[in-house]
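First up is the structure itself, then whatever we jot down about it.
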Amino acid sequence: MKRIGILSDTHGYWDDRYAAYFAECDEIWHAGDIGDIAITERLEDICPVRAVRGNVDHGAVARRYPELLIFDCEGVKVLLTHVGGYPGRWSAGMKKLLKENGVGLMVDGHSHILKVIYDKELGLLHINPGAAGQQGWHKQRTLIRLTVDGSDMRDCEVIELAK
């Protein structure tokens, strides 16, 4: 069983509450638009980090992180990317990629819109944690915590941070 902290779209903005809310997590996943390598370095002070680069990420961030990660977490195949769409509106080629890899949990960012949706057709949970940074049009900054225990994904918490 692992407790996962999920965020996206920090755009170089650090909030000390990230550390407080993710202190009990086993891993942190950042779904892109990190904005500054210092963000993931500070997150790594909390616990191990998995991250992907987003469309605003260049330099050290782009050199360190891929556009897409597929990995196993507690027996669940996870796909982490920045631009992926969501159930019923997947980005080009994403539905095929999800099917071919037997993905059970898909995490992305980019839209700055918080979404937690179960895709019945593909049998997977889709999570977009919204935006944790200040840049963008979103009114509320959000983080997510989730427990992954085999195919049992539970205790999904949405954490709201004032803009």
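The values are calculated or read from the model by the stated rules, or taken from the named source; none is laboratory data. From a predicted model like this one, the values you see are computed outputs, not experimental measurements. Cβ sites come from the backbone with ideal geometry, for glycine too, and all protein chains shown count toward neighbours. We work out accessible area using only protein heavy atoms, side chains counted, and drop any ligands, DNA or RNA first. Shrake-Rupley method; radii C 1.70, N 1.55, O 1.52, S 1.80 Å.
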Unmet requirement for K95, which otherwise passes all of (1) part of a helix (DSSP H, G or I); (2) touching a residue at least 40 places away in the same chain (Cβ under 8 Å); (3) open to solvent by 10 Å² or more (accessible area, probe 1.4 Å) | (2)
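This table checks each residue for (1) within 16 Å of the chain's Cα centre (by Cα); (2) open to solvent by less than 50 Å² (accessible area, probe 1.4 Å); (3) touching a residue at least 24 places away in the same chain (Cβ under 8 Å).
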site	(1), (2), (3)
W29	yes, yes, yes
D45	no, no, yes
P48	yes, no, no
V52	yes, yes, yes
E74	no, no, yes
Could you identify the single residue in D57, D9, D16 that is of a type in the set (D, E, K, R), crowded, with 21+ Cβ neighbours inside 10 Å and closer than 18 Å to L161 by Cα?
-> D9
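Would you mention how many residues in the stretch 119-149 are under 17 Å from C25 (Cβ atoms), of a type in the set (A, V, I, L, M, F, W, C) and either open to solvent by 50 Å² or more (accessible area, probe 1.4 Å) or in a loop (DSSP other than H, G, I, E, B) (or both)? I'd like the intermediate steps shown before the answer.
Quick first cut of the stretch 119-149, residues under 17 Å from C25 (Cβ atoms) only: 127, 129, 132, 142-149.
In the following step, the residues that additionally are of a type in the set (A, V, I, L, M, F, W, C) were identified as 127, 132, 143-144, 146, 148.
With either open to solvent by 50 Å² or more (accessible area, probe 1.4 Å) or in a loop (DSSP other than H, G, I, E, B) (or both) added as a condition, the list becomes 132.
So the count comes out to 1.
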Out of the stretch 76-109, which residues are at positive phi and over 15 Å from the mean Cα position of the chain (by Cα)?
-> G88, G93, G102
Selection within the stretch 98-107 - in a loop (DSSP other than H, G, I, E, B) and either in contact with a helix residue (DSSP H, G or I) (Cβ under 9 Å, 6 or more places away or on another chain) or surrounded by fewer than 19 Cβ atoms within 10 Å (Cβ to Cβ) (or both) | N101, G102, V103
Kindly state which strands (runs of 3 or more DSSP E) lie completely within the stretch 15-74 and contain at least 1 residues that are in contact with a Gly (Cβ under 7 Å, 6 or more places away or on another chain).
-> 27-30
